[in-house]
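Read the figures in this text as sums done on the coordinates, not as results from a lab. Small disclaimer: the values here were computed from a predicted structure and weren't measured. Glycine also receives a Cβ, built like all others from the backbone with ideal geometry; neighbour counts cover every protein chain displayed.
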Amino acid sequence: MKEILELIENYNNIVIARHTGADPDALCSQIALRELIKINYPNKDVYAVGAVSSRYKYLPKLDKTPEENKGLLIVVDTPDRKRVDIKSMDGFEKTLKIDHHPFFEKYCDVEYIDDKSSSASEIIFDFADKNNLIINEEIAKLVFMGIVSDTNRFLYSTNAKTFELVNRLLVEYNLDLKSLYENIFLRPLKEIKLQGYIEQHLTVTENGLAYILLTDDVIKELGVDVASAGNLINNFNNIEEVIVWVMISEDVKNNMFKFNIRSRGPVINSAAEKYNGGGHKYASGARVYDRSDVDKLINELDNVCKDYNMSKEVDYEDK
């Protein structure tokens, strides 16, 4: 934490990036860090960069990438270089990674990884708190939204420290929970219709894998975008017969199939890492560029479920 502070203090030009296909935690941690630096070091030039999405219009705006990439680059919430949402990481004097995903690869000069944290947003708050930096209500809101989103209302990756932090946010900053929750979880009608389509067409294997492939035709017919299925992934975590569930969306523009994968037991990130992805043990993603590989990853995840069920049977017999 002290080394991160020293890096920030040593550079007057700072660019903050995060992963492609950004979710609320990636954006909230990125923007919260930008605001944190601006408030505590008003003479520094700080830019939060990356593709924007109309879905997150409730968040403060991002910046255009400066033409000359000099100074310090900070990447948040991104375990691997290929997913960093920036044109080029070259040209910076120093690079820093701040992440809560399990280690995947080293691609920055300095890397801070805490895979016990619920979210990148929690790490940003922890960093500010440990270094006695000024935190205003806007930063507190961003941190809260990042944590709530990435834990799916505290269902995943949550521990006592997370609840202590959230309690502090509520007590010290008097957050309006109603408006914050509406920002995160309000859904357009077309996404609700998409959820109904998924529920009707979901395939469930005997090993407990549930999956659906949303082709470009279906996506267009329902009037949604490629990211919509991923936005609904956590809505399927309470099906008794399912232990791993997968939403697959065909992305014609980028010539790929996007996988969003969740689990209630089997470790899934190892399988995702083989297909241009990765993430947490129970929440991962992947990108597949060949249709045949879609079936291969589905089969691999089904085998992960099968092995998990067999290990549970062995444990039961031993007991």
Quiz item: Can you work out ³J(HN,Hα) from phi for every residue in segment 301-306, in order, using Karplus 6.51 cos²θ - 1.76 cosθ + 1.60 and θ = phi - 60°, giving whole Hz and x for Gly and Pro?
Solution: 5, 5, 5, 4, 5, 4
Quiz prompt | Residue order, fewest to most surrounding Cβ atoms within 10 angstrom, among Leu175, Leu209 | solution = Leu175, Leu209
Quiz item: How much net charge surrounds Asn254 when only other residues with a Cβ under 14 Å from its Cβ are counted (Lys, Arg +1; Asp, Glu -1)?
Solution: -1
Quiz item: Full extension from Glu172 to Ala160: what is 0.36 nm times the residue separation minus their Cα-Cα distance, to one decimal in nm?
Solution: 2.5 nm
Quiz item: Each residue of segment 61-67 in order: what ³J(HN,Hα) in whole Hz does its phi give by Karplus 6.51 cos²θ - 1.76 cosθ + 1.60, θ = phi - 60°, with x for Gly and Pro?
Solution: 5, 8, 10, 6, 5, x, 4
Quiz prompt | Amide hydrogen neighbours beyond the local backbone of Ala48, cut-off 5 Å, H modeled | solution = Ile16, Asp63
Exercise. Give me the Kirkwood hydrodynamic radius of segment 24-83, using the inverse of the mean 1/r over all pairs of distinct Cα atoms, in Å to one decimal.
Key: 12.7 Å
Quiz item: If amide H atoms are built 1.01 Å from N in the plane of the peptide, which residues on other chains or at least 5 residues away come under 5 Å of the amide H of Asp251?
Solution: Met256, Phe257, Lys258
Self-check item: Value of [θ]222 nm, deg cm²/dmol, for the chain, DSSP H segments ≥ 4, -39500 (n - 2.57) each, nearest 500
Solution: -12500 deg cm²/dmol
Practice problem: Using amide H atoms built 1.01 Å from N in the peptide plane, name the residues 5+ places from Lys97, or on other chains, whose amide H lies under 5 Å from its own. | Solution: Val75, Val110, Glu111, Tyr112
Quiz prompt | Dipole moment magnitude, nearest 20 debye, the chain about Cα centre, only Lys, Arg, Asp, Glu C-beta charged | solution = 640 debye
Quiz item: Which ordering of Tyr181, Tyr156 is given by a fewest-first count of other beta-carbon atoms within 10 Å?
Solution: Tyr181, Tyr156
Practice problem: Would you work out the relative contact order for the chain, in percent, from Cα pairs under 8 angstrom that are 6 or more residues apart? | Solution: 12 percent
Quiz item: Ordered by residue, what ³J(HN,Hα) values in Hz, to whole numbers, does segment 284-291 give under the Karplus form 6.51 cos²θ - 1.76 cosθ + 1.60, where θ = phi - 60° and Gly and Pro are x?
Solution: 9, x, 8, 10, 10, 10, 10, 4
Exercise. Pull up the DSSP beta bridges for the chain and report the antiparallel fraction as a percent, rounded to 5.
Key: 45 percent
